[in-house]
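Visitor: The structure follows.
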Amino acid sequence: MAVSDKVAGREGYTNTGSEETWAAVRDSTSATAANYTSDFSQPNAIGAYFTTGRGDGAYGVNRSFMYFDVSSITSTDTISALTLKVAGVTNDDGNVIVARSTAFGGDGTSALVDGDHDSWDPTGTPVAYSSNVSSWVTSGRVSITLNSTAIAHANSNGYLIITLLDNVHDYPDSAPTVDVFVKNGIRFASSTTSTKNILTVTHATSGGAFQSDVNQIVYNSSNKINLLSFNDVEEINRVS
């Protein structure tokens, strides 16, 4: 097995602003999008709120989106596990879920746009990529194990596009009824290696985990070492 880290190739979030009804923010087909290409800490990157401060009340929803290119891995290898590692800042209300998205042009070829707010099919059949994340961090990174559906999509597409959503009100479509603002911060496009948003990919080489030459004999998957096929050898003398 091998492990590779892929830094998010595109990152951003959408913000509905305040609306008078829950449906107007949760089911909206558009919200103000922001793309991040340099270090920026967004304290309300994921969130949902309701306030009775004016009129009949005001609702709002914030969602974050990321694109990861894994084609350099899937061109030769098969992915067996994925862990999303997100840099947190400021707010850590927890209860986040990762879902499939078709943002960034559907394949990562374009920037996040206002119309990507509903790119995870909130009024149809959303596809979850994780279970509930009940805790967040305000420094360092939170690790989120992605499920077999995410792995299958990464293997078949060569990329993964995700959205991170509040899992108290937004994802389950449960309108808040009292004043509340649940929020989680994200540090986008960090200039520091240890706080970049990354996808940790575990993968096995399709032609055998070990693909080095042995005693000047060129690698071939049909060769054998001590009666073992190269396909069944992961390392020799600690060399993989």
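Visitor: Which of the residues that make up the range 152-209 are under 18 Å from residue 129 (Cα atoms), open to solvent by 10 Å² or more (accessible area, probe 1.4 Å) and in a loop (DSSP other than H, G, I, E, B)?
Guide: 167, 168, 169, 171, 172, 173
Visitor: Any idea which residue in the range 53-79 is nearest to residue 177 (Cα to Cα), counting only those that are in a loop (DSSP other than H, G, I, E, B) and in contact with a strand residue (DSSP E or B) (Cβ under 8 Å, 6 or more places away or on another chain)? Walk me through it before giving the result.
Guide: The first filter runs over the range 53-79 and keeps only residues in a loop (DSSP other than H, G, I, E, B), leaving 53-57, 70, 75-76.
Narrowing further to those that are in contact with a strand residue (DSSP E or B) (Cβ under 8 Å, 6 or more places away or on another chain): 57, 70, 76.
Numbers: 57: 10, 70: 41, 76: 51 Å.
Out of the qualifying residues, it is 57.
Visitor: Can you pull out every residue in the range 7-32 that is crowded, with 19+ Cβ neighbours inside 10 Å, within 17 Å of the chain's Cα centre (by Cα) and not in a loop (DSSP other than H, G, I, E, B)?
Guide: Correct list: 10, 11, 12, 13, 14.
Visitor: Being open to solvent by 30 Å² or more (accessible area, probe 1.4 Å) and either without any contact (Cβ under 8 Å) to a residue 40 or more places away in the chain or in contact with a His (Cβ under 9 Å, 6 or more places away or on another chain) (or both) is the filter here, so list the residues in the range 77-94 that pass it.
Guide: Scanning the range 77-94 gives 78, 80, 81.
Visitor: Sticking with this structure for a sec: List the residue pairs whose Cβ atoms are under 7 Å apart, where the first residue sits in the range 27-49 and is of a type in the set (A, V, I, L, M, F, W, C), the second is open to solvent by 60 Å² or more (accessible area, probe 1.4 Å), and the two are 6 or more positions apart or on different chains.
Guide: From the range 27-49, the pairs are 31/114; 33/113; 33/114.
Visitor: Which one is nearest to residue 144 (Cα to Cα) among residues in the range 95-122 that are among the hydroxyl-bearing types (Ser, Thr, Tyr) and either in contact with a helix residue (DSSP H, G or I) (Cβ under 7 Å, 6 or more places away or on another chain) or open to solvent by less than 40 Å² (accessible area, probe 1.4 Å) (or both)?
Guide: Among those that are among the hydroxyl-bearing types (Ser, Thr, Tyr) and either in contact with a helix residue (DSSP H, G or I) (Cβ under 7 Å, 6 or more places away or on another chain) or open to solvent by less than 40 Å² (accessible area, probe 1.4 Å) (or both), it is 101.
Visitor: Sticking with this structure for a sec: Give the range 37-66 a look and list any residue that's open to solvent by 30 Å² or more (accessible area, probe 1.4 Å) and within 30 Å of residue 156 (Cβ to Cβ), or say none.
Guide: Residue satisfying the conditions is 37 alone.
The values are calculated or read from the model by the stated rules, or taken from the named source; none is laboratory data. The model shown is predicted, which means the values in this text are computed figures rather than measured ones. Glycine also receives a Cβ, built like all others from the backbone with ideal geometry; neighbour counts cover every protein chain displayed. These accessible areas exclude ligands, DNA and RNA; they are computed on the full protein's heavy atoms, side chains included. Shrake-Rupley method; radii C 1.70, N 1.55, O 1.52, S 1.80 Å.
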